Amino acid sequence: MTAHRHLIVFAAANGAMAVMLGAFAAHGAGPVVKTLLTTGAQYQIVHAVLAVACALWSDGGRLARVAGWLAAAGGLVFSLALSMIALMSLPAMGMVAPVGGVLMIAGWVVLLVTALRRGDARSAP
């Protein structure tokens, strides 16, 4: 399996998990749990889609895939941390959630740098 496919498989699993969490939040969770799960699911699905886009960006190269992995991993860590707080009453996971946030931000920054670099390479004589 290519690196692109690994990233797409990971992102697809993230997307499925996000939909399941969102559905549970909408139909089976109390108000506090619902808020945490919904927030986690939203971030996770957005970053799963970003990861797929990065995997499919044929001109993005290795850095685009790095951005995708950072985004997908960050979305998963963030969502799992919020889920553990909500479903298992583990408030200590509040210290883990920012790690996911930093990974997501890093994914966006790496994507930004990649896009700027690719744009410069195309405009060079």
Restricting the stretch 1-25 to residues that are without any contact (Cβ under 8 Å) to a residue 60 or more places away in the chain, touching a Leu at 6+ places or on another chain (Cβ under 9 Å) and among the aliphatic types (A, V, I, L, M), the residue that is farthest from Leu103 (Cα to Cα): Ala25
Restricting attention to the stretch 62-100, and to residues there that are within 15 Å of Thr38 (Cβ to Cβ) and among the polar types (S, T, N, Q), which single residue is surrounded by the fewest Cβ atoms within 10 Å (Cβ to Cβ)? Ser83
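Only the coordinates and a few stated rules stand behind these numbers; no lab work does. Being a predicted model, the structure only gives us computed values, none of them experimental. Cβ: placed from backbone, ideal geometry, glycine included. Neighbour counts: every protein chain shown.
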